1. Please tell me if B:Val62 is touching a helix residue (DSSP H, G or I) at 6+ places or on another chain (Cβ under 9 Å) and part of a helix (DSSP H, G or I).
2. Would you pick out the residues in region B:298-317 that are more than 7 Å from chain A (Cβ to nearest Cβ), touching a residue at least 12 places away in the same chain (Cβ under 8 Å) and surrounded by fewer than 18 Cβ atoms within 10 Å (Cβ to Cβ)?
3. Kindly indicate whether any position in region B:244-257 is away from chain A (no Cβ under 14 Å), at pLDDT 95 or above and under 27 Å from B:His56 (Cβ atoms).
4. Identify all residues within region A:1-24 that are of a type in the set (A, V, I, L, M) and either in contact with a strand residue (DSSP E or B) (Cβ under 8 Å, 6 or more places away or on another chain) or buried (at least 16 other Cβ atoms within 10 Å of the Cβ) (or both); write none if there are none.
5. Please find, among B:Thr149, B:Thr124, the residue that is surrounded by fewer than 16 Cβ atoms within 10 Å (Cβ to Cβ) and in contact with a Leu (Cβ under 8 Å, 6 or more places away or on another chain).
6. So the check is Cβ under 7 Å with 6+ separation or different chains; which pairs have a first residue in region B:272-287 that's at positive phi and a second one that's of a type in the set (A, V, I, L, M)?
7. Every residue in region B:171-208 that is outside any loop (DSSP other than H, G, I, E, B), touching a residue at least 40 places away in the same chain (Cβ under 8 Å) and not aliphatic (A, V, I, L, M), please.
8. Please work out which residue is nearest to the other protein chains (Cβ to nearest Cβ), limiting yourself to region A:60-74 and to residues that are of a type outside the set (Lys, Arg) and buried (at least 19 other Cβ atoms within 10 Å of the Cβ).
Amino acid sequence: MLLIDCPYCGERPELEFVYGGQAHVARPAQPAQVSAQQWADYLYRRDNTRGVHAERWRHTHGCGRFFNALRDTTTDHFRATYKVGEPPPSAAAPVPR
Amino acid sequence: MQPFSGLALLRRGLSGQRGWTTQWRSPPPKAAYDALIVGGGGHGLGAAYYLASEHHLTNIAVLEKGWIGGGNTGRNTTIIRSNYLFDESAALYDHAVRLWERLSQVLNYNVMFSQRGVMMLAHTVHDAQVFKRHVHANRVNGVDNEWLTPEQAKAFCPLLNTGNIRYPVLGAALQRRGGTARHDAVAWGYARAADALGVDIIENCEVTGIRRNASGAVEGVETTRGTIRAPRIGVAAAGHTSVIMKMAGIELPLESYPLQALVSEPVKPVFPCVVMSNTIHAYISQSDKGELVIGAGTDAYTSYTQRGGLHITSHALEAICELFPMFRRLRMLRNWGGIVDVTPDRSPIIARTPVPGLYVNCGWGTGGFKATPGSAHVFAWTIARDEPHPLNAPFTLERFRDGQLIDEAAAAAVAH
């Protein structure tokens with residue numbers, strides 16, 4: 001089970017959280033203006049990164065807030081967590097295995 | 001190829017089991033082939049076999065990053081069924097079941113296909129309604145499926161606890177033609193049969209890049225064992241499909257999740273069928289070795305680690321102990337994870353791609369093993385003819401753009 005560092009509450013077990021999928025997927029501002037392919041990309045296409053992945057989590061059984069995280073999908077180690085609206089930390093230090 | 005038969009077994013038995021040859025060659029990769037399959041699991045090896053046997057493309061190779069049988073083909077819970085709701089899915093999965101029924105004879109390799117019946121338990125009124133809908137839809141499509149009362153379910157699987165249980169068994173849907181097969185024998189059988197037809201099976205050969213010519217069409221791959229040229233490339237890389245397809249600039253509607261399974265210590269034959277419970281999430285069967293094979297769920301998050309959280313497996317075991325109290329004292333021998341590629345509608349993609357010469361067979365999610373022969377058969381057709389077989393024509397990449405989803409995800413709370 002993962003230990004997740006909620007930016008508001010600190011480290012808590014994974015069971016308190018709900019995974020929210022890839023982060024920073026922007027909804028087109030004018031859905032009527034985009035093509036079917038662009039809309040499908042927004043709805044369905046995902047990076048599915050093998051490596052450091054920016055993703056959303058919600059601390060459902062805690063503060064209830066959404067936040068973002070950088071996690072290495074080859075090890076499941078979290079590199080960083082950060083609040084919604086903040087840019088992803090670029091120099092997140094790798095966590096030793 | 002050294003054919004297997006009762007007589008051959010007897011003859012080798014009398015001579016101390018000496019003289020068996022290897023099941024397939026290990027040739028070094030050639031500089032060029034007519035077609036390449038990336039991924040040496042059941043779907044990839046099967047596609048190579050059908051390319052060679054039905055489409056007469058024998059100058060082809062299967063590239064496998066690890067070893068044959070080491071990926072999801074050897075990691076699943078071996079359940080085979082075709083009781084899917086929608087017409088497109090029922091046709092595709094039942095095509096596979098019909099191929100399963102003859103596969104051991106066709107390959108001259110015992111894949112231990114056993115049609116012992118797959119029983120899916122209903123625990124709520126909603127389950128019962130959904131399963132009855134499935135039963136009717138399946139029967140209209142010529143797929144066997146029948147509704148059982150709790151008493152009939154108990155008679156079919158006497159170990160089932162229908163009494164003192166948190167989520168009572170209200171009935172079950174039974175597909176008698178469903179069952180299990182030995183998963184790694186499927187990979188080995190296809191590998192051996194494809195090799196006998198001249199297909200090169202190249203293990204420990206990881207694809208690191210896809211080469212394209214000036215017009216954008218594929219012309220080969222870069223691998224850890226050098227460059228291999230080919231005008232047609234079929235990718236059947238399961239959980240790593242996104243990684244491979246990005247090498248050709250294609251991004252897919254896929255997410256990769258760890259899916260776990262576990263086996264108990266071996267016991268004498270006690271469990272006559274396959275039982276699945278979607279509501280309390282567990283599925284179980286007994287292998288011919290005697291181990292109880294138990295499937296758990298996926299983790300909540302995407303990952304490539306081939307392991308998952310312990311709370312996922314313990315959740316499955318709690319359900320098993322509730323349904324089959326006599327297994328409470330069994331110990332688990334091993335647990336493991338595999339990485340499965342999940343599409344938004346939980347249906348696969350078997351299709352051409354926007355890159356000429358590049359074909360993809362992916363998105364089987366948590367239930368690809370059951371489809372292995374059917375998937376491989378229509379994928380080979382698609383590669384050989386550069387057009388889909390009628391059975392996989394609906395399973396395109398464009399269905400997500402065009403809103404033509406085959407939404408098995410929404411059809412029921414079905415484990416896929």
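1. Considered against the rule, which asks whether it is touching a helix residue (DSSP H, G or I) at 6+ places or on another chain (Cβ under 9 Å) and part of a helix (DSSP H, G or I), B:Val62 comes out as no.
2. The answer is B:Gln306, B:Arg307, B:His315.
3. yes
4. A:Met1, A:Leu2, A:Leu3, A:Ile4, A:Val18, A:Ala23
5. B:Thr124
6. B:His281/B:Ala316; B:His281/B:Ala319
7. Of everything in region B:171-208, those that are outside any loop (DSSP other than H, G, I, E, B), touching a residue at least 40 places away in the same chain (Cβ under 8 Å) and not aliphatic (A, V, I, L, M) turn out to be B:Gly171, B:Gln175, B:Gly179, B:Thr180, B:His183, B:Asp184, B:Trp188, B:Gly189, B:Tyr190, B:Arg192, B:Asp195, B:Asp200.
8. It comes out as A:Thr73.
The values are calculated or read from the model by the stated rules, or taken from the named source; none is laboratory data. Just so we're clear, the structure is a prediction, and the values are computed from it rather than from any experiment. Using ideal geometry, Cβ is built from the backbone for each residue, glycine included, and neighbour counts are taken over all protein chains shown.
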